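J.: Have a look at this one before I ask anything.
The values are calculated or read from the model by the stated rules, or taken from the named source; none is laboratory data. Small disclaimer: the values here were computed from a predicted structure and weren't measured. Cβ atoms come from the backbone with ideal geometry, glycine included; neighbour counts cover every protein chain shown. The area values use the complete protein model at the heavy-atom level, side chains included, leaving out ligands, DNA and RNA. Shrake-Rupley method; radii C 1.70, N 1.55, O 1.52, S 1.80 Å.
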Amino acid sequence: MNKYSMENFDNIRKIILIALIAFSNIAVGQVGPQPSSFGVWDRGESMNIKEYPFLKGTSCDFPWDEVEKSPGIFDWSLLDKAVERASKEKISLYISFAAGPKTPEWVYEKGVPKVITSATKKPGAFNHYPYYLSPEYKKYYYRFLTEVAKHISGLSKEKIKAISFIQVKTGCTGDECAYKGEPVDSSYSLPVKSAQWRDFRLETFALHDKLFGKQSGLNISMLLNNVEPQSNEGGKNFVQEWDWAIKNLKDGFGIKNGALSRGHHLSGEIDAVNTFLPYLVDPKVVTLFRRSEMDQTWTRPWYQLNVQLNFYWGAINALNAGQSVWDVTSGALKASKEQGFDYSFYFFNKYAGQIHPETATDAFCALHKGLNAADTKTYPEDKFGKASHGNIDRMEKITAEYAKYGAANDDKNALKMGQVKQRGDQNGFNDAGWEIWPDNYSRLLYQIEPDATSIPLWRVGGPITTTSSIYSRFARGFEHATGKDAMYFKLHKGFSQDNKPKVMTVTVVWYDAIEGSKWKLDYDAGSKTMKTAITVTGKGDQKWHHEVITINDAIFKNAGTKGADFVLLNADDKDDIFSLVEVHRGEQKLPLLRPQEENRAFKGSAKGTKYNKDENAVEGDKEKKGKREDKSEKREKRKKDKSNN
């Protein structure tokens, strides 16, 4: 065992005590980011809010080695400018304090060991790391955090309120590991699941809570990574960290989790959704918020097959998982306006803050089916083969069952990939996968018995191309020949607050495939039978349409057929197709939110770049290019700020 252990507690306690005394006169009435701030954020802290009005917030990471270049001398200019801007422009801000490999060199001169790892010589790698358990390291690191809190406490209440949360970075970047690579000197090893590393993290969590949390008066929430309850698969990776957070952060906290915003049909989606969703949408115990980022995934081959479509379904997938903040890289933000996928950002903003059904204004259900090869009940092994992630033949057999509805796997090799490698190297659309989300995507609106009452559809209108509509990827439809002529929907309990008639607006996105086809929408108006709101007749123009239906006497208390609030009914023997259903409380606001009518291909479409040899697709794509891109944007912005002063 290394000579350094969890000592030096006396110094740490003194630091905390001094901080609490200093902050005792502060009181800011804020705990965590408000749902109104949930949505798309600028990952690079460089975009003009007026040019990108969908942006809800931005970030500021100020590394320890830039703030305290000399012992006890602090440069707060970066933090002050970020807070000033957020307060002035009425946007939210989250901050972080990178340490670890961003530790000032003078700290090592105080006796903190330098740790060299197996990855140190790789291009773009960090030169060295501190040994985190060194008493001297903790002494100066915790002193730094204390000084940060003191400085923030001296800001005005308005500026403090602009800070939505703090991302806690205990180790190397936000990935919460001690090092990239293995230490050359094994005595400094700190595996991410080791007791020593866990103890250091929990000690640092506790300090953040005391310095910035409720007891300090600042009331700034924490965003944590690598914390999770026991998952549905029985995993116990970071349960102790989770238990600490639940016990100590009772007003809620954030989780850095949710790569689902980077695509759809990614391996492991089910557990990623089910583990945290009860704490994110209509929470009963503790309220969490969830942040993830869009890095350079959007430049990879799969995304570039149809950028607009992939951003849309990435947004849908993330919302289904309860995501709150979508931190988007500057390159994607810039391209969004030119290529028209900013619609996905507006759509995400519309639903990210719909957390509590009683106060929510909107709900949606995106019709979809994923062929989850891990499901042995739906797809028994005696028919489809042994259930394993590497069994491509099983996935192909399952897909063949739905081939007549458009299901296919364009990149069979990607079926056995993990989700990180999928994002980098997949080169086609796959409708089967391992632990992919199997049901509709939704937020507060659900289809009742979807497979018993409708058929799933993929690639509506033919193969997905660079110009395919965003809605063509997934849909559901009637199948009159098998008696599937009705699709029943119900709102989350509490959305419709009482039994009184009220105004509700339902928007239905449907594909006009057959001239003369008819469908209608019936709804719960409080009578014994459901009432017809509209009957729609198709023209057969092979286009997607938005049907907006305003209902003035909706009851919507799950009292209709099958407990539905409303139903889409086939009014003839022709089969109609639907992709999205939305409900808005009250009359729909104008102008209506719509994607561009035609999905255009742009230069470079259908290309994209796979991982290169320096990007470890097994351990995780660290997206160095994206981080350099965002940092470059920040540097340019700082230069402009200096020139203007």
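J.: Return a yes/no flag: does the range 484-506 have any residue that is under 20 Å from V273 (Cβ atoms), touching a helix residue (DSSP H, G or I) at 6+ places or on another chain (Cβ under 7 Å), at pLDDT 95 or above and assigned to a loop (DSSP other than H, G, I, E, B).
T.: Within the range 484-506, none of the residues are under 20 Å from V273 (Cβ atoms), touching a helix residue (DSSP H, G or I) at 6+ places or on another chain (Cβ under 7 Å), at pLDDT 95 or above and assigned to a loop (DSSP other than H, G, I, E, B).
J.: Can you go through D439, D362, D393, D382 and tell me which one is open to solvent by less than 20 Å² (accessible area, probe 1.4 Å) and of a type in the set (D, E)?
T.: The unique qualifying residue is D362.
J.: Of all residues in the range 68-96, how many are touching a Ser or Thr at 6+ places or on another chain (Cβ under 9 Å) and among the aliphatic types (A, V, I, L, M)?
T.: The qualifying residues number 5.
J.: How many residues does the range 176-195 contain that are under 30 Å from G57 (Cβ atoms) and open to solvent by less than 40 Å² (accessible area, probe 1.4 Å)?
T.: The number of residues fulfilling the criteria is 3.
J.: What are the residue pairs meeting all of these: first residue in the range 332-351, first residue closer than 19 Å to A363 by Cβ, second residue open to solvent by less than 10 Å² (accessible area, probe 1.4 Å) and basic (K, R), Cβ atoms under 6 Å, and 6 or more apart or on different chains?
T.: Y351/R443
J.: Then there is this: Quick one: Q323 ticks every box in (1) under 30 Å from S36 (Cα atoms); (2) more than 17 Å from the chain's Cα centre (by Cα); (3) touching a residue at least 40 places away in the same chain (Cβ under 8 Å); (4) assigned to a loop (DSSP other than H, G, I, E, B) except a single one, so which number is it?
T.: (2)
J.: Can you tell me which of (1) within 32 Å of the chain's Cα centre (by Cα); (2) under 18 Å from T170 (Cβ atoms); (3) not β-branched (V, I, T) is the one E68 doesn't meet?
T.: (1)
J.: Of all residues in the range 365-377 being out of contact with any helix residue (DSSP H, G or I) (no Cβ under 6 Å at 6 or more places or on another chain) and touching a residue at least 40 places away in the same chain (Cβ under 8 Å), which is surrounded by the fewest Cβ atoms within 10 Å (Cβ to Cβ)?
T.: Looking only at the range 365-377, we keep the residues that are out of contact with any helix residue (DSSP H, G or I) (no Cβ under 6 Å at 6 or more places or on another chain), and these are 365, 367-370, 372, 374-377.
Narrowing the set further to residues that are touching a residue at least 40 places away in the same chain (Cβ under 8 Å) leaves 365, 367-370, 372, 374-375.
Working: C365: 26, L367: 25, H368: 28, K369: 23, G370: 26, N372: 23, A374: 19, D375: 17.
Looking at the filtered set, the residue picked out is D375.
J.: Now a separate question. Please state which of the following conditions K159 fails to meet, knowing it meets all the rest: (1) over 30 Å from K114 (Cα atoms); (2) open to solvent by less than 50 Å² (accessible area, probe 1.4 Å); (3) modelled with pLDDT of 95 or more.
T.: Evaluating K159 over (1) over 30 Å from K114 (Cα atoms); (2) open to solvent by less than 50 Å² (accessible area, probe 1.4 Å); (3) modelled with pLDDT of 95 or more leaves (2) as the failure.
J.: Quickly run through the range 396-412 and pick out the residues that are in a loop (DSSP other than H, G, I, E, B), open to solvent by 70 Å² or more (accessible area, probe 1.4 Å) and over 18 Å from V460 (Cβ atoms). I'd like the intermediate steps shown before the answer.
T.: Step one: list which residues in the range 396-412 are in a loop (DSSP other than H, G, I, E, B), which gives 401-402, 406-408, 410-411.
Among the residues that remain, those that are also open to solvent by 70 Å² or more (accessible area, probe 1.4 Å) are: 401, 410.
Within the range 396-412, E401 is the sole residue that qualifies.
J.: Could you figure out which of (1) out of contact with any Pro (no Cβ under 6 Å at 6 or more places or on another chain); (2) crowded, with 20+ Cβ neighbours inside 10 Å isn't true of F165?
T.: Of the numbered conditions (1) out of contact with any Pro (no Cβ under 6 Å at 6 or more places or on another chain); (2) crowded, with 20+ Cβ neighbours inside 10 Å, the odd one out for F165 is (1).
J.: Looking only at the range 32-77, how many residues end up being open to solvent by less than 10 Å² (accessible area, probe 1.4 Å), of a type in the set (A, V, I, L, M) and in a strand (DSSP E or B)?
T.: Result for the range 32-77: 1.
J.: Report, ordered by the first and then the second residue, all pairs with beta carbons closer than 8 Å, sequence separation of six or more or different chains, a first member in the range 539-562 that is of a type in the set (A, V, I, L, M) and at pLDDT 95 or above, and a second member that is open to solvent by 70 Å² or more (accessible area, probe 1.4 Å) and assigned to a loop (DSSP other than H, G, I, E, B).
T.: What qualifies is A554/P501; I555/N499; I555/K500; I555/P501.
J.: May I pose another question? Could you say whether any residue in the range 45-55 is under 28 Å from Q339 (Cα atoms) and modelled with pLDDT under 80?
T.: Yes, the range 45-55 contains at least one residue that is under 28 Å from Q339 (Cα atoms) and modelled with pLDDT under 80.
J.: If you don't mind, there's one more thing I want to ask. Within the range 337-353, does at least one residue satisfy the condition of being open to solvent by 10 Å² or more (accessible area, probe 1.4 Å), within 21 Å of Y441 (Cα to Cα), touching a helix residue (DSSP H, G or I) at 6+ places or on another chain (Cβ under 9 Å) and of a type in the set (G, A, S)?
T.: Within the range 337-353, one or more residues are open to solvent by 10 Å² or more (accessible area, probe 1.4 Å), within 21 Å of Y441 (Cα to Cα), touching a helix residue (DSSP H, G or I) at 6+ places or on another chain (Cβ under 9 Å) and of a type in the set (G, A, S).
J.: Counting only residues that are of a type outside the set (G, A, S), open to solvent by 50 Å² or more (accessible area, probe 1.4 Å) and either in contact with a strand residue (DSSP E or B) (Cβ under 8 Å, 6 or more places away or on another chain) or free of Cβ contacts under 8 Å to residues at least 24 places away in the same chain (or both), how many does the range 442-462 have?
T.: 2
J.: If you don't mind, another one. Residues in the range 82-115 that are touching a strand residue (DSSP E or B) at 6+ places or on another chain (Cβ under 8 Å) and surrounded by fewer than 18 Cβ atoms within 10 Å (Cβ to Cβ): how many?
T.: Of the residues in the range 82-115, 3 are touching a strand residue (DSSP E or B) at 6+ places or on another chain (Cβ under 8 Å) and surrounded by fewer than 18 Cβ atoms within 10 Å (Cβ to Cβ).
J.: Residues to consider are F478, F474; find the one that is at pLDDT 95 or above, touching a His at 6+ places or on another chain (Cβ under 6 Å) and closer than 21 Å to K574 by Cα.
T.: F474
J.: Within the range 431-480, can you find the residues that are within 21 Å of the chain's Cα centre (by Cα) and part of a strand (DSSP E or B)?
T.: Of everything in the range 431-480, those that are within 21 Å of the chain's Cα centre (by Cα) and part of a strand (DSSP E or B) turn out to be G433, Y441, S442, R443, L444, L445, Y446, F474.
J.: With the condition kept exactly as written, say whether any residue in the range 120-135 is in a strand (DSSP E or B), over 29 Å from the mean Cα position of the chain (by Cα) and buried (at least 22 other Cβ atoms within 10 Å of the Cβ).
T.: The answer is yes; a qualifying residue exists.
J.: Among the residues in the range 92-113, are any in contact with a Gly (Cβ under 6 Å, 6 or more places away or on another chain) and of a type in the set (S, T, N, Q)?
T.: yes
J.: For the range 522-597, list the strands (runs of 3 or more DSSP E) that sit wholly inside it and hold at least 1 residues that are small (G, A, S) and open to solvent by 30 Å² or more (accessible area, probe 1.4 Å); which are they? Full working, then the answer.
T.: Values: elements: 531-537, 543-554, 566-570, 577-585.
Output list reads 531-537.
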